[in-house]
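The structure appears right after this line, and notes come after that.
A short reminder: the numbers here are calculations on the coordinates, not readings from a lab. Remember, it's a predicted structure, so these values are computed and weren't measured experimentally. In this analysis, Cβ positions are derived from the backbone assuming ideal geometry, glycine residues included, and neighbour counts consider all displayed protein chains.
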């Protein structure tokens, strides 16, 4: 990887006129796009792992600490008894915990790496793959957002609106909201 | 960059809190491992239980020690009751078996976890007064156990005795059914009338009840006068004069009444 910006413009250019984020394709930085693309793909994957696993743990915590008498009584009458509540969730919880522990350091490392690269070479923030991933993330978080509200409304109509379903909504909405807002501001920054 | 690092710091705090929460929710890996060993122990106890029931069905007695389950079965072709005696998966010690007499027996194992404590952790419901799942779940009585040495007590079901229908869980020794009783109730509209009967023990003073396992075939004779009142007739039986012919069979109950009136 070559971290030194190349001043002499050769070949064709990508970007807008005298924009500092303008990327000029030269012999020396021909791989920058691939590198930035790779970093962003891996970074966003670790972000998705981070968000889903921490959401899973928080959802399970809500299930554990906020009791639903309907669920408990149904489970108590089932063949497995109270084990039926948690046998599947336990596996999912362990996977989530493991995935959170693995994805978080990767996420942090990549976050710092990308930010440093963007500071040294502003043009690194202007690749299409980055924009594409940001817009995909915005769309996905928006869908989660919508889904959480629909679910709560459904629970209300279904007669199963409890403190628990509201807290589930809060977990989903707050995680997707943080990501959504962060990238909305990132887009705003890009447009400056 | 400072702003980004600050955001990263806040995120780190949240992630560490979530990881801690996650560890609290899943329980320690050691406990989870113990739970898996306990599941194997419960399986083994189930196997020994089936072996003992098969042994009882063939021999009409309880095995003295669990080793007798390795003997060849008389009903299964060339097969012992148990191919191999299960041993504790971790300690590889034998499970304790004890004959308690009258078709009851115990199988003991050393458990590493307490079912109640785990259900409590997993569901957040206090299990100590009465385990919720124990109230309704089928088979839960054979699954609940405390931590440490615990003995499950079982009874030989009647079908292992070859007398009851399969699946009929009546405990041994089977309760002998009482033979049906034939009942004759002799009453009168005035009390204290002495009656005589042709069959032994069928006389008495009204109102009285005869309950016999043998058939009642008797003639009850009412006195023509009693307490200054005159006999007028019988109801509930074939009567000739003051004689009432009563036949009670098949566990039936009949009531006969003698009527008296002022002369």
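Across the range B:38-109, the mean sequence separation of Cα contacts (distance under 8 Å, 6 or more residues apart), normalised by length, yields a relative contact order of 26 percent. Prolate is the label for the range B:174-263, because the ratio a/c of its alpha-carbon gyration tensor axes (a ≥ b ≥ c) is 1.5 or higher and a/b is greater than b/c. Available extension along the chain between residue B:5 and residue B:39 is 7.5 nm, counting 0.36 nm per residue and deducting the alpha carbon span.
Estimated at 0.36 nm per residue, the fully extended path between residue A:31 and residue A:91 surpasses their Cα-Cα distance by 17.4 nm. Placing dummy labels 7 Å off each Cα toward the beta-carbon, the span from residue A:150 to residue B:201 is 8.2 nm.
Working from Cα pairs under 8 Å separated by at least six residues, relative contact order for the range B:179-263 is 37 percent.
Shape of the range A:97-144 from the C-alpha gyration tensor: oblate (a/c of 1.5 or more and a/b not above b/c, with a ≥ b ≥ c the square roots of its eigenvalues).
Inter-label distance, residue B:72 to residue B:13: 7.7 nm, where each label sits 7 Å from its Cα along the C-beta direction. One chain, two ends: residue B:92 and residue B:60. Fully extended at 0.36 nm per residue, the span grows by 8.5 nm beyond their Cα-Cα distance.
Taking 7 Å steps out from each Cα toward its Cβ at residue A:163 and residue B:224 produces label points 9.0 nm apart. Inter-chain neighbour count for B:52-63: the average number of beta-carbon atoms from partner chains within 10 Å of each residue's beta-carbon is 0.
Counting Cβ atoms of other protein chains within 10 Å of each Cβ in A:57-69 and taking the mean gives 3.
Neighbouring Cβ atoms from other chains, within 10 Å of the Cβ of residues in B:13-21, number 5 on average. Per residue, the average separation of C-alpha pairs within less than 8 Å and at least 6 apart gives the range A:50-189 a relative contact order of 32 percent.
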